[in-house]
Each structure stands twice: as C-alpha cells, then as structure tokens.
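What follows is a set of notes on a single structure, which appears directly below.
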Amino acid sequence: MKKSRNLRPLTIGLLGVSAFALAACKEEATEVSVWRADQSCEAAAGATGAECQKLIADAEAQHQESAPRYDALAVCEEQHGAGNCEAQAAPGGGGGSIFMPILMGYMMGKFLGGAGAGAAAAAGKPLYPTAGGQMSTADGGAKFNAGQSRASVPTKAFQPSPSTVGKPPMSAAQVRSSGGFGERAAPAASNSGRSTSGG
Amino acid sequence: MKRIPTQPRPDLKEKAEAAGFSFHEMHGLPYWDETSAYAFTLEQIENDLEDPSAELHDMCRQAVEQITASEELMARMGIPEGFMDLVARSWREDEPELYGRFDLAYDGAGPAKMLEYNADTPTSLYEAAGFQWGWLEDMIAAGHLPEGADQFNSIHEALIERFAEIVPAGTQMHFTSVGGNEEDYGTVETMAWAAKDAGITPHYTPLEKIGLTEEGQFADDESRVIGTLFKLYPWEDLMRESFGANIAASGCRFIEPAWKAVVSNKGILPVLWHMFEGHPNLLPAFFEGKKDGDPVWERSRELLERQGWVEKPIFSREGASIRIHEGGRVETSTHGGYDEHAKIVQLYQPLPVFDGNHPVVGAWIIGRTCRGIGLREDASRITQDLSRFKPHFIWPEGQ
C-alpha cells in the first residue's frame with residue numbers, strides 16, 4: 001500500500017501554529033540618550049546641571065580606568081580613525097607610550113530601582129570613535145551612528161568594562177582578532193558576537 | 001496513466017488559506033490546479049517510478065564517489081577550488097543526505113527518463129506531502145473518487161523517519177530560507193514539522209540574518225550559535241558568496257551535505273551516462289565542448305542529431321536558460337541569469353502530451369528510497385516557474 005497513515009493536517013505559514021520554536025525572550029534592553037562631548041548634556045539627556053556634572057565625572061573616571069589602550073598609534077588609529085587617538089605616558093615612566101582613543105561622547109541610561117523605591121538612577125558611559133565614523137562603548141558592544149541621539153541597547157552595555165590601566169598594552173595581533181570594533185557590525189545596539197550577515 | 005477531469009472542491013480557496021497555503025495562486029494564475037488529476041495504476045507507480053528512482057539515486061551516489069575523487073571533474077562541474085576539499089570530505093565522512101526530487105519524463109508506458117535531479121534545494125514539498133493528501137481524502141469523502149483510491153505519498157512519514165536516523169532527538173536545529181519568500185518558507189516549514197515529529201527542536205532564521213561569531217561559528221538572528229542547519233539555498237551560491245568562506249571553519253553541520261553540490265548539478269548527467277551508458281532510465285548526455293574521440297559520444301551522436309538535443313547550464317532552476325535544438329530550430333526558455341555557467345547537452349526527450357499539457361513527474365527521494373510523487377504541468381515544452389501543480393491518485397486494484 002502507498003497510503004500515508006496517521007497524517008495530521010499540515011499547515012504552513014500560519015501565525016500561531018508555526019512548526020518553529022518560539023523566539024527566545026528578548027535580551028533586557030534599556031533606552032539611552034547619546035550625545036557628543038561638544039554637545040550640551042542638559043539638552044541631550046534632559047537632566048539638570050548637577051546630574052550632568054555627576055554623569056560626566058563618572059564617565060571620565062571610567063575613561064581613565066577602562067579606555068581601550070594600544071602600544072602603537074597606527075593600531076589605535078586603525079580602530080578609531082585617523083586623528084582620534086592621543087598618547088599617554090606609560091606607567092612607571094620609560095620611553096614607551098600608550099595610545100588611547102579620545103573620549104568622543106557619552107551615553108546615559110535610566111534604571112528603575114535606584115536610591116529610592118521606584119526612583120530612576122542615571123548612569124553614564126564614555127563613548128569612543130570608530131574607524132567608520134560611529135561612536136561605540138569601550139568593548140564595542142553598543143554602536144551609534146553619527147547624529148543618533150536615542151537608541152535601545154542591551155542593559156549589559158552598562159556593566160563595568162575591564163580595567164586597562166597598568167595592563168600590558170594590547171598587541172596589534174590581539175586587536176585584529178578581537179573583532180569588537182569591527183566595521184562589519186550592524187550599526188547601533190549590536191549585541192554579543194554577531195558581526196556580519198550572510199547573503 | 002491518464003489525465004482525468006475532476007470536480008474542484010467548492011471550498012478550495014478557504015481550505016488553502018486555512019492551511020496557510022498562500023501561494024496556491026501565483027502571479028494571478030492558479031498554481032494548485034485540481035480541475036483535473038493524473039491517475040496511475042499501482043504497477044506503473046511501483047515498477048516505473050518508485051523502484052527506478054531509488055536505483056537512480058544509488059547510481060548518483062556511485063557517480064559522487066567518482067566525481068569527488070577527481071579535481072578535474074569537480075572543476076568541470078563548477079566547484080570552486082577552495083571548496084573541493086569541503087565537498088570531498090563531506091562525502092568521505094559519509095554525511096547523510098535528507099531529500100531530493102527527480103524530474104522524470106514518463107507517459108505511462110516505457111521507462112521513465114531522468115531529466116535532472118533537484119537534490120539540493122527541491123521545493124513544492126508542501127504541495128506534494130500535505131495539500132495533495134488532503135485533496136485525496138476530500139475527493140473520496142465527497143464520492144468523487146472510489147473508496148479504495150490511493151496515492152503514492154508517504155513523504156511526511158518518510159521525512160520523520162529520516163530525521164530520526166540522521167539527527168539525534170533533542171537537537172536544536174536551525175532552518176533557513178531567503179527572507180520574505182513565501183513559497184520557500186512553505187517548504188522549510190513543512191520540513192520543520194517533520195523534524196519536530198522526530199523529536200528535534202526547529203528554529204527558523206532568515207538567510208540574510210545569519211551572522212558570524214567571534215569564534216567563527218554561525219549565529220542566528222538572535223545571536224544563538226547554529227549547530228545544525230537545513231538551508232533552502234543552493235550550495236553553488238553559498239560557495240560563490242563572500243560569506244561562504246566561513247563555512248569550512250564554522251563547524252556547522254549542513255543539510256543537505258556539501259556533496260549534494262555535485263548531484264544537484266547537470267554535470268552529473270554526462271558522468272552518469274558515461275558510467276551507465278544505455279541504462280533505460282538515463283538519457284545520453286555530454287559536457288559541451290570538444291567530444292571528438294570519445295567513443296561514448298560517437299555512439300550517441302547520430303541519435304542526438306536525429307532526435308534533437310537540449311542545452312542546459314550546469315546550474316539552473318525552474319527551467320531557466322534551457323535551449324531545445326530540434327530539426328534545425330532552437331526554442332529558448334526564459335533567461336534566468338545562468339548563462340555564464342558551463343553547459344551540458346542531453347538527448348531531447350519530448351514530454352508526453354495530455355490534453356495539450358506537458359506533465360513532469362517529480363519523484364521524491366527521502367533518504368535513499370522513493371516515497372512519493374507530485375506532478376507539474378506546463379503548456380510549454382519546458383516546465384518553468386509558472387507551471388501548475390497537479391494532484392494524482394492510484395486506481396483501486398481491479399478497476
């Protein structure tokens with residue numbers, strides 16, 4: 001016999017009865033304001049002068065602690081664009097220099113559950129130029145196009161970046177294989193490891 | 001084999017929509033056409049289609065053994081040099097095949113002739129496996145077909161069995177097709193239903209959204225690593241896109257395996273004819289170009305010149321870029337952008353004519369056996385993307 005047995009009706013392309021597993025829960029995201037260092041924090045973040053002072057001081061401290069650091073200007077500029085890097089004296093003196101990208105802008109997010117119940121706690125992050133003319137967080141986990149002032153980013157983009165002060169500068173080879181600043185990543189809020197799309 | 005007028009179901013449109021079969025009409029014309037159906041005897045199905053198709057699949061496997069051992073042959077078949085290892089390794093390591101569809105010229109008498117083998121990305125799976133079966137049940141229930149009428153169609157059950165053999169239950173498996181293409185999605189989801197019934201957890205991701213992780217693995221549109229991937233996208237294209245360079249190191253298991261690139265390739269037709277010259281289900285075929293001195297060619301030459309021949313690019317889909325040479329005249333199908341590829345020539349085998357229509361039998365291979373058929377017919381001699389899908393049934397024995 002050729003007959004199919006126990007065949008239940010097959011459906012295709014119907015919402016609600018798909019063969020495919022449901023998409024995973026979306027990663028927790030938060031809305032952020034983004035602005036360049038030469039723009040007004042008060043206007044961009046909708047914050048008071050005092051709040052802005054604290055945000056910027058936080059970001060400056062993080063910049064000193066965890067900005068990407070390189071052992072050669074060329075490597076730094078390859079990642080962050082020509083003219084976007086500056087030298088910093090190597091710790092402990094000596095002739096060598098360490099290069100780091102300029103602090104180009106800020107990102108601010110609001111989180112519920114800060115000091116008081118239901119209050120919003122603001123947190124700031126430094127942003128760095130990319131070779132492609134975007135701004136990104138130190139680890140490249142969130143990227144923003146020029147002129148972008150609002151975005152949704154994974155909440156984990158606010159986790160502290162690993163300290164780079166006093167560590168051996170990254171060699172060119174390590175940078176090339178890191179991929180975090182890759183120009184092939186999708187703009188804005190690209191999360192985790194994806195960097196290119198197939199065709 | 002007969003073409004029999006049948007009563008279309010009055011609620012066909014509702015049934016198609018309720019099933020999600022949104023492409024039952026395409027370009028404003030019916031694609032699923034049940035105003036008539038093809039009727040077969042059990043002997044025709046078993047002796048002329050089922051057994052020969054399984055044998056043809058086995059012959060193709062023997063041809064792959066020969067092709068993957070020869071870089072010269074792989075080059076002729078358009079396998080880029082950088083992918084020859086991948087193709088040969090997938091064969092050597094016995095990566096299992098899932099499915100394919102032979103296109104056969106068959107008129108109810110005499111041996112079916114293999115026109116080609118869509119062994120990599122065959123579509124029309126939902127129509128053949130699902131909607132066609134629903135039609136038979138409805139026709140019997142309405143009294144339009146006798147109680148004992150049957151259909152050669154255990155495609156869905158066979159897919160479940162095959163998945164259970166080749167993918168461990170509990171596997172998180174990805175399925176991909178070109179985003180926004182409803183017809184391709186239909187084929188992919190039909191496949192996913194079978195996978196699910198085999199205990200696999202299927203996930204869909206559009207082809208364009210596949211990414212690469214820092215470790216060089218592929219990831220889906222939610223950045224989850226892809227371990228096993230069913231791709232409704234031809235190997236010859238995967239190999240020619242810049243993203244293809246990531247395949248070898250990705251550690252991703254592809255279904256169909258890479259060796260299907262030399263099966264779903266018209267270049268296998270001359271290889272088969274040289275290995276199995278005179279086989280009743282094969283048509284003489286040759287690579288275009290210099291053939292003088294090839295004794296196999298010399299034995300077929302006169303027949304091709306008398307009966308005509310068909311020129312086919314080694315890669316082409318939906319009957320595109322095909323030329324029929326017959327009695328000094330040339331008939332060309334629509335251009336499909338495949339002209340830059342190498343070509344083969346095959347003896348012209350006219351399709352049978354039923355009420356002015358030219359049917360092609362699609363014989364579905366699941367694993368290594370033939371488990372069902374679906375027919376498409378076209379008013380033109382070349383079956384193209386506007387052809388209609390026709391249901392079939394098997395007469396009850398003794399009628």
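We did not get these values from a lab; they are worked out from the coordinates using the rules stated. Since the structure is predicted, the reported quantities are computational estimates derived from the model, not experimental observations. Virtual Cβ from ideal backbone geometry, glycine too; neighbours counted across all protein chains shown.
Take each residue of peptide B:204-211, count the partner chain Cβ atoms within 10 Å of its Cβ, and average: the result is 4.
The helix-only estimate of mean residue ellipticity at 222 nm for chain B, built from DSSP H runs of length n ≥ 4 each weighted as -39500 (n - 2.57), is -8000 deg cm²/dmol after division by the residue total.
Based on alpha-carbon centroids, what's the gap between segment B:344-399 and segment B:66-96 in Å, whole number please? Comparing the Cα centres of segment B:344-399 and segment B:66-96, I get a distance of 31 Å. With contacts taken as Cα pairs under 8 Å at a separation of at least 6 residues, chain B carries a relative contact order of 24 percent. What separates the Cα centres of segment B:1-49 and segment B:180-210 is a distance of 24 Å.
Just tell me how shielded B:66-73 is by partners: mean number of partner chain Cβ atoms within 10 Å of each residue's Cβ, no decimals. Kindly include the intermediate steps, with their values, before the conclusion.
Values: counts 0, 0, 0, 0, 0, 0, 0, 0.
Other-chain Cβ atoms within 10 Å of each residue's Cβ, averaged: 0.
What GluC sites (Glu not before Pro) in segment B:72-180 are in a loop by DSSP, with at most 16 other Cβ atoms within 10 Å of the Cβ?
Details: sites: B:GLU72, B:GLU81, B:GLU93, B:GLU97, B:GLU116, B:GLU127, B:GLU137, B:GLU147, B:GLU157, B:GLU161, B:GLU165; in loops: B:GLU93, B:GLU97, B:GLU147.
Answer in residue order: B:GLU93, B:GLU147.
How well do other chains shield peptide B:153-162, expressed as the mean number of their Cβ atoms within 10 Å of each residue Cβ?
Values: counts 4, 6, 2, 5, 4, 1, 0, 0, 0, 0.
Across the residues of B:153-162, the mean count of other-chain Cβ atoms within 10 Å is 2.
Among A:127-140, A:61-74, how do they line up from the highest to the lowest mean number of other beta-carbon atoms within 10 Å? Write down the numbers at each step before the final one.
Numbers: A:127-140: 21.0, A:61-74: 17.7.
Peptide ranking by packing, descending: A:127-140, A:61-74.
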